[in-house]
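The values are calculated or read from the model by the stated rules, or taken from the named source; none is laboratory data. Keep in mind that what you see is a predicted model, and the values were worked out from it rather than measured. Cβ placement follows ideal geometry from the backbone for every residue including glycine, while neighbour counts extend to all protein chains displayed. Surface areas here come from the heavy atoms of the whole protein model, side chains and all, with no ligands, DNA or RNA. Shrake-Rupley method; radii C 1.70, N 1.55, O 1.52, S 1.80 Å.
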Amino acid sequence: MSTPETGTLAVAGARLHFEVRGTGPLLLLIAGGNSDAAVFDPMATALAENHRVLTYDPRGNSRSPLDGPPVDQRIDVHTDDAYRLLGHVAAAGESARVFGSCSGGLVALELAVRHPDRIRSAVVHEPPALALLPDAEAHAVFIDDVHETFRRDGVAPAMRKLNALFGGRPAPVLPQAHDNTAFFLAHTMRPFTRVVPDVTAAAAAAAAAAGRIVVAGGRASSTQIIHRPAAVLAERIGQELTEFPGGHIGYAKWPTEFAERLVGVFAAVPRAGRVPEPAEACDM
């Protein structure tokens, strides 16, 4: 596995740990939930054969400490972090491709809508925008119950409840520099699942340039609640959902296959209205 160059960027209220691998067009990978840059290590290595791959720990996770006490996280602040990081790493006038999953997908979407000059195209993978769903109120009650379970009983019981979003299966153990689950349950889960993307602005951005925004979901998670917001978002901005290998964390379980699919999506979408579906099948 390639050894990345590492650095730290001071932003308002935090210090971001970031890593850069490879050479070529700039590609930013944004982790979600309680993950950090480590979750992308195998896929970033594969992508670095033809890209300059930028990964980072979102503020409050692992090696990106907050300057003060923990606070509830905000999508606009995380989007500004990613934008400033791109400005720090990118060459003058260089635009970037972006992939974000889960809460990182919401950040990728915001970047594409707010900064079209900086974002060449963005793949938004299974954003947890439960507020987009017809039964949003019931999901908000559920998330509040998970949060209260965490406050009352701790991490493990709360995560067992949260598994309902993922078909009831236990969450897989993912590579990470530090365990950020408590911070996620306390300060990230509720605000990010309540985000309501500006679908009008997203639709306009997607229509303005073919391939600017691609909404994606996992083949293996298609029956899970966590998949539903992606399907709704894709429909509301006027496109078909683009399928990726595996499930919600397919990029971690199938990094090579996922990287190949991602490169194919970035290459194909600007030339056509629909991304060809891959032939291979991956689970999880």
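A few remarks follow.
- Among the residues listed as Ala92, Ala82, Ala131, the single one being at pLDDT 95 or above and over 22 Å from Asp144 (Cα atoms): Ala82
- Selected residue [within 19 Å of the chain's Cα centre (by Cα) and not basic (Lys, Arg)] from Leu28, Leu66: Leu28
- Spans of strands (runs of 3 or more DSSP E) in the stretch 1-113 with at least 3 residues among the aliphatic types (A, V, I, L, M) and open to solvent by less than 40 Å² (accessible area, probe 1.4 Å): 14-21, 26-30
- Unique match (being touching a Gly at 6+ places or on another chain (Cβ under 6 Å) and within 24 Å of Arg190 (Cβ to Cβ)) among Ala31, Ala82: Ala31
- A Cβ distance below 7 Å, combined with a sequence gap of six or more or placement on separate chains, defines the contacts here; from the stretch 6-28, residues that are of a type in the set (Val, Ile, Thr) reach residues that are in a loop (DSSP other than H, G, I, E, B) in the pairs Val20/Pro4.
- Selection within the stretch 116-140: residues that are part of a strand (DSSP E or B) and of a type in the set (Gly, Ala, Ser). The member of this set that is nearest to Arg74 (Cα to Cα) is Ala122.
- Test: residue in the stretch 272-282 that is at pLDDT below 95, under 24 Å from Gln176 (Cα atoms) and open to solvent by 10 Å² or more (accessible area, probe 1.4 Å): yes
- Restricting attention to the stretch 208-223 and to residues that are at pLDDT 90 or above and assigned to a loop (DSSP other than H, G, I, E, B), the residue that is surrounded by the most Cβ atoms within 10 Å (Cβ to Cβ) turns out to be Ser221.
- Given (1) within 25 Å of Ala186 (Cβ to Cβ); (2) assigned to a loop (DSSP other than H, G, I, E, B), index of the condition Arg152 fails: (2)
- Test set (1) touching a helix residue (DSSP H, G or I) at 6+ places or on another chain (Cβ under 9 Å); (2) β-branched (Val, Ile, Thr); (3) open to solvent by 10 Å² or more (accessible area, probe 1.4 Å) - Val141 fails condition number: (1)
- Matching option when the condition is touching a Phe, Trp or Tyr at 6+ places or on another chain (Cβ under 7 Å), closer than 15 Å to Leu262 by Cβ and of a type in the set (A, V, I, L, M), among Leu47, Leu29: Leu29
- Of all residues making up the stretch 174-207, the number that are open to solvent by less than 30 Å² (accessible area, probe 1.4 Å), in a loop (DSSP other than H, G, I, E, B) and of a type in the set (A, V, I, L, M, F, W, C): 1
- Output for the stretch 224-255, where each listed residue is surrounded by fewer than 24 Cβ atoms within 10 Å (Cβ to Cβ), part of a loop (DSSP other than H, G, I, E, B) and of a type outside the set (A, V, I, L, M, F, W, C): Gln224, Gly238, Gln239, Glu240, Gly246
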